1. What are the pairs, 6+ residues apart or on separate chains, where a residue within the range 239-263 that is open to solvent by less than 10 Å² (accessible area, probe 1.4 Å) has its Cβ under 9 Å from a residue that is of a type in the set (Ser, Thr, Tyr) and within 16 Å of the ligand (Cβ to nearest atom)?
2. Would you be able to tell me the number of residues in the range 291-306 that are crowded, with 17+ Cβ neighbours inside 10 Å and either out of contact with any Asp or Glu (no Cβ under 7 Å at 6 or more places or on another chain) or at pLDDT below 95 (or both)?
3. Quick one: would you say Val410 is within 21 Å of Met320 (Cα to Cα), modelled with pLDDT of 95 or more and not hydroxyl-bearing (Ser, Thr, Tyr)?
4. Look at the range 270-298 and say how many of its residues are in contact with a Phe, Trp or Tyr (Cβ under 8 Å, 6 or more places away or on another chain) and either within 16 Å of the ligand (Cβ to nearest atom) or farther than 24 Å from Asn163 by Cα (or both).
5. Looking at the range 300-320 only, could you name the residues that are within 16 Å of the ligand (Cβ to nearest atom) and in a strand (DSSP E or B)?
6. Return the residues of the range 149-171 that are out of contact with any His (no Cβ under 7 Å at 6 or more places or on another chain), free of Cβ contacts under 8 Å to residues at least 60 places away in the same chain and farther than 13 Å from Glu132 by Cα; say none if nothing qualifies.
7. Output the residue which, of all residues in the range 242-264 that are more than 16 Å from the ligand (Cβ to nearest atom) and in contact with a helix residue (DSSP H, G or I) (Cβ under 8 Å, 6 or more places away or on another chain), is farthest from Ile55 (Cα to Cα).
8. In the range 128-159, which residues are closer than 17 Å to Val252 by Cβ and open to solvent by less than 30 Å² (accessible area, probe 1.4 Å)?
Amino acid sequence: MDSRRSFLQVAAAAVASLGGVSRLFGTDTPPPVGTQSTRPKPAERSAPAVPHPVITPDVKNLPFTLDNGTKVFQLVAEPVKRKIAPWKTIDCWGFNGSCPGPTIQVNQGDQVRIVVENRLPESFAIHWHGLEIPYAMDGMPYLSQKPIAPGSQLGYEFTVHQNGTFFYHSHSPMQQMMGMIGMFILHPTRAHAPIVDHDFGIVLQEWALLPNNTVPNTANMEWNWLTFNGVCSPMTTPLIVRLGSRVRVRFVNLGMDHHPIHLHGHTFVVTGTEGGRQPETLWGPANTVLVGVAQARDFEFVANNPGEWMLHCHMPHHNMNAMSDLLGDRMMMTADTEDSRALIQMQTLADQVGFQHVHHAPITPDANNVPGFPQDAFMDMGMDEVVAKPENNGLPRNWSAMMMGMMTLVRVLPPDLYELVMKDVKNGYTAPPPPLGGQAHGEHQHGDHDHSAHEHTEHANDEGHRR
Ligand SMILES: [Cu+2]
């Protein structure tokens, strides 16, 4: 059976019975919810010899070649164009065409050579953050080495004796804020117990982009675009896990702010820092972990609660895009914005990006008489089509409407749905988003809305949005 048919069959069955795939979650029989007592004990699962590779969504791995047993990587520092939102492509700096740079994954005990080539217009040196390696390899300009001049290259060679979540970065501050960072995973010789079934890595970055500008302002203090692995939600690719599996997520942060990373629906334990694996005696339960500047945090949980769970930075301004940088007439206003004006602004953006915008959630007829209105009214901006990809198959209509900034989804899927979505990912099949009007969630439903409350007859039905 091809992927499309099989996916649609399950999706259709779900829609017929429950009103949408997402409605499989949280209805009928309540699923078991994460508690300490349901977690497998370390002794219950033995560790395999080889850990799973880490998946860094939206960022590729850096390939290597073998030279007499040494793993050789070619890392190229260069300017990069990165599309961080469907309507925003920035001129940043990174490595091998990627920002953040490609993920390096090696094993504890490996002999590693990284040949770093500089295709930037200025000199730089690269630092291996947290690695206990010889001083000459530390990448400190003028101390341990001369800066790498434009057009030249330098080889760094060392043996890896640690394991954990590390990263590499330029050691010059403005270059860091131009994006010059990448993840460096050191796998243990034997996987840590309890073993994980899924292992993900996410780099936290922030950007200062003045209106209508593509070059980050690295001296600014207003960081108005916030990214997971180089993209703002809803462009972030979800973490897809099988119900009942044990999951590790690793974060590293190189920016100007700390980021409290929060996971919905589950309780996790922090199992690692930038110093490597933490002893189990330190694993307290939590659902939010502060990832400070220059820090790494690994957390693990049993994905025992099915659903499409948000995973996001909880700084209120960090789960938004473009606090002060919106296109032309779509400057954010927290007072005196009326329904009709907001709709025109949304349509302007929708026309530019090419997505079909969806009417905002309901407001009261006298909303503009209430001091402070609007706050989050008019923020919702569904763009499911623009960000459609196999990993998003089966999400409810308008799932993307309030996904912004440092945010992604952890899709905890029952085995049948997990298999279907992963098959679609493998085959590169993107399912069309469900039609408008089939919303599974409680967002604006035109049919049950009192239209007399508003002056927006041109938006009174879904057809009105199809332009
Ligand atoms: Cu944040």
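1. Correct list of pairs: Leu239/Thr408; Ile261/Thr288; Leu263/Thr288.
2. Residues meeting the conditions: 11.
3. For Val410, the condition - within 21 Å of Met320 (Cα to Cα), modelled with pLDDT of 95 or more and not hydroxyl-bearing (Ser, Thr, Tyr) - is met.
4. The number of residues fulfilling the criteria is 5.
5. Correct list: Met310, Leu311, His312, Cys313.
6. Across the range 149-171, the qualifying residues are Ala149, Pro150, Gly151, Ser152, Gln153, Leu154, Gly155, Tyr156.
7. Leu243
8. Answer for the range 128-159, where residues must be closer than 17 Å to Val252 by Cβ and open to solvent by less than 30 Å² (accessible area, probe 1.4 Å): Trp128, Leu131, Gly139.
The values are calculated or read from the model by the stated rules, or taken from the named source; none is laboratory data. Quick caveat, the model's predicted, so the values are computed rather than measured. Reconstructed Cβ throughout: ideal geometry from the backbone, glycine too, with neighbour counts over all protein chains shown. Calculation scope for accessible area: heavy atoms of the full protein, side chains included, ligands and nucleic acids excluded. Shrake-Rupley method; radii C 1.70, N 1.55, O 1.52, S 1.80 Å.
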